[in-house]
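The values are calculated or read from the model by the stated rules, or taken from the named source; none is laboratory data. Not measured: the values here are computed from a predicted model. Glycine gets a Cβ as well: all are built from the backbone with ideal geometry, and neighbour counts include every protein chain shown. Surface accessibility is based on the protein's heavy atoms, side chains included, excluding ligands, DNA and RNA. Shrake-Rupley method; radii C 1.70, N 1.55, O 1.52, S 1.80 Å.
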Amino acid sequence: MGVGVLCAVQGAAESAIVQAVEGSGGRLSVTRRCADLTELLAAAEAGLGGLAVVSGDLDRLDREAVAVLHRCGVRVVGLGDPSRPWLAERLTAHGADLVVDVDVDGRVPDVVREALSVLGGGQVPPVAAPQPVSPTRHGTTVAVWGATGAPGRTFVAVNLAAELAALGRRTLLVDADTYGGVVAQVLGVLDEAPGVAAAARAAGQGALDLPTLARLAPVVLPELRLLSGISRADRWPELPASSLELVLSQARALADVTVVDTGFCLEQDEMLSYDTRAPARNAATLTALEQADLVVVVGTADPVGVQRLVRALADVADRGLALTRRVVVNRVRSTVAGSRPGEAVAAALARYAGVEDVLLVPEDRSAVDAAMLEGRALREVAPGSPARRSLAALAAEVAATVRADAPVGRVPVG
Ligand SMILES: Nc1ncnc2c1ncn2[C@@H]1O[C@H](COP(=O)(O)OP(=O)(O)OP(=O)(O)O)[C@@H](O)[C@H]1O
Ligand SMILES: [Mg+2]
């Protein structure tokens, strides 16, 4: 038996495809005719085929679905329609391996030959990951991550972004925390719809261009745009990895620096549930860490926080993530770390994690509370606060690696 073909084709083309496959001299055989995408994905996960033939207008077919098929080792041939040229474009944007046109009455010229050439004459070659559309201009991506226990990831991300913007770097702040994004609230932005979910949806449909991303990420301070997050924790499936990857890729074209606030957990849910199709809650965090040029790893200065930070650093290193990282210890205070808290924390991190260059951010209850209360960045509310000065120093470091005249262009929309 040849390579199994999963056929999810609607209308007159279906029987023509089946006939064509059956006439391939045994190199291909239809193993499942699927009524819809759900059935197709189930068949792919059950290992029933090495090639999927899908209608371009198959309901709910998007980039994530093609990525799932690829993860199952299934190549994807999409059927376009010459009278609807956008179908072929969309299939390509979704990452289909091959797009062939069928005409209105379902004639399928040479589709089998082309499918066979995709399959390398019967062997299913490894599937290449779909390439994110590479923007022409190239900003830097900084992910802010840290272990559980609310060490201050959002606080660092928001204020790092605000300081970068104040230094004249075009900055985009992305809230990618799938456990309840609060960045919009912290910045006092009335947020009707999560921009990041809308951007991910557009990316999934192959429709995320620069003006669309700019429209979804309003300017909240001079040089600072915000792609707001999913504040209702149960909406996390709206951030699939393959779409966020595209959002972050497109963000490089929109901003000099993209700062991403992430969740805390790195466990891969599909490994937990053995269901490759299940959307993964932590995929957004993993994607942000994978895409980042720099990961700011945040911990807190109390004994539990330092221990969690040491483990978190080992965890990312084991996964080959955050190879370029900057360690920040937040809320440094003598009440919990002795009379010289900064020295104590730095010594512990050097000893247990080999980190020699930790950046310390002091506890600054009244200033941080005042900023939170007003929904503004620390620099606007308490510019002289010691915590703000530390974050301004971090921003200066990051800004030094990003030229102000980085080849990132203005977008012709607000
Ligand atoms: N340097 C600081 N001084 C005083 N309070 C701080 C400081 N940094 C953060 N906080 C406070 O600590 C709390 C947790 O901070 P934040 O929300 O940034 O943490 P997080 O790591 O993003 O947590 P979550 O898991 O909820 O996303 C907030 O109330 C914040 O105002
Ligand atoms: Mg947070």
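Might you report the magnitude of the Cβ-based charge dipole of the range 3-119 about its Cα centre, with Lys and Arg at +1 and Asp and Glu at -1, to the nearest 20 debye?
Roughly 340 debye, rounded to the nearest 20.
Quick one: putting +1 on the C-beta of Lys and Arg, -1 on the C-beta of Asp and Glu, what dipole do you get for the range 274-345 around its Cα centre, in Debye to the nearest 20?
200
Hey, can you find the accessible area per residue of the range 304-382 for me, probe 1.4 Å, expressed in square angstrom? Working shown, then result.
Details: 4340 Å² over 79 residues.
Per-residue value: 55 Å².
Under 12 Å from the Cβ of GLY95, count the other residues' Cβ atoms, weight Lys and Arg +1, Asp and Glu -1, and hand me the total.
Value of the local net charge: 0.
Count charges around ASP59 for me, please; just the other residues with Cβ under 12 Å from its Cβ, Lys/Arg as +1, Asp/Glu as -1. Please list the in-between numbers first.
Numbers: positive: ARG60; negative: ASP36, GLU39, ASP57, ASP62.
Result for the local shell: -3.
Using only Cα atoms, tell me the angle between helix 85-94 and the longest principal axis of the chain; keep it within 0 to 90° and round to the nearest 10.
Helix 85-94 sits roughly 50 degrees off the main axis of the chain.
Can you tell which of ALA346, VAL328, SER366 lies farthest toward the positive end of the dipole of the range 302-368, using +1 and -1 charges on the Cβ of basic and acidic side chains (Lys, Arg; Asp, Glu)?
SER366
For the range 3-119, with every protein chain kept in place, what is the accessible area per residue (1.4 Å probe, Å²)? Working shown, then result.
Details: 4800 Å² over 117 residues.
Result: 41 Å² of accessible area for each residue.
Using the Cα centre of the chain as the reference point, and only Cβ charges (+1 on K/R, -1 on D/E), how large is the resulting charge dipole? Debye, rounded to the nearest 20.
Working: 39 positive and 48 negative charges, 206 e Å.
So the magnitude is around 980 debye.
Using only Cα atoms, find the angle between the long axis of helix 241-254 and the longest principal axis of the chain, and express it within 0 to 90 degrees, rounded to the nearest 10.
60
I need the trypsin sites (Lys or Arg not before Pro) found in the range 364-404, filtered to DSSP loop residues with at most 13 other beta carbons within 10 Å of theirs. Walk me through the intermediate numbers first.
Details: sites: ARG365, ARG376, ARG379, ARG388, ARG389, ARG403; in loops: ARG376, ARG403.
Here the trypsin sites (Lys or Arg not before Pro) that fit, given the DSSP loop and packing criteria, are ARG403.
Treat each spin label as a single point 7 Å out from the Cα along the C-beta direction, and report the GLU89 to GLN268 distance in nm.
With each label placed 7 Å out from Cα toward Cβ, I get 3.5 nm.
Percent of accessible area on the chain owned by carbon and sulfur, 1.4 Å probe?
On the way: 9310 of 17820 Å².
Heavy-atom surface of the chain belonging to carbon and sulfur, 1.4 Å probe: 52 percent.
Tell me, what is the percent relative contact order of the chain, built from C-alpha pairs under 8 Å that lie six or more residues apart?
Numbers: 868 pairs, mean separation 67.6, N = 414.
The normalised contact order for the chain reaches 16 percent.
Choose one of VAL247, ALA314, ALA46: the residue whose Cα lies farthest towards the positive end of the charge dipole of the chain (beta-carbon charges +1 Lys, Arg; -1 Asp, Glu; about the Cα centre).
Most positive-ward Cα: ALA314.
Around PHE264, what is the net charge, scoring Lys/Arg as +1 and Asp/Glu as -1 over all other residues with Cβ under 10 Å from its Cβ? Intermediate results must be reported in sequence, preceding the final value.
On the way: positive: ARG153, ARG308; negative: ASP177.
Result for the neighbourhood of PHE264: +1.
Set the Förster radius R0 to 30 Å, insert the Cβ-Cβ distance between VAL189 and ASP209 as r into 1/(1 + (r/R0)^6), and round the FRET efficiency to 0.05.
Details: r = 23 Å, r/R0 = 0.78.
For VAL189 and ASP209, the calculated efficiency is 0.80.
Projecting each Cα onto the charge dipole of the chain (Lys/Arg +1, Asp/Glu -1 at the beta carbon, about the Cα centre), which of GLY299, SER55, GLN185 comes out farthest on the positive side?
Selected residue: GLY299.
Taking only DSSP H segments of four or more residues, each worth -39500 (n - 2.57), what value at 222 nm results for the chain once the sum is divided by all its residues, to the nearest 500 deg cm²/dmol? Display every interim value, and only then the final one.
Working: 18 runs with 171 residues, N = 414.
Calculated at 222 nm, the ellipticity per residue is -12000 deg cm²/dmol.
Roughly what would the spin-label model give for ALA233 and ASP110, points 7 Å off Cα along C-beta, in nm?
Placing both labels 7 Å beyond Cα along the Cβ direction yields 5.6 nm.
Please give the contour-minus-distance gain from SER339 to ALA396: 0.36 nm per residue of separation, less the Cα-Cα distance, rounded to one decimal in nm.
Numbers: separation 57, 0.36 × 57 = 20.52 nm, distance 2.86 nm.
Taking SER339 through ALA396 to full extension adds about 17.7 nm, to one decimal.
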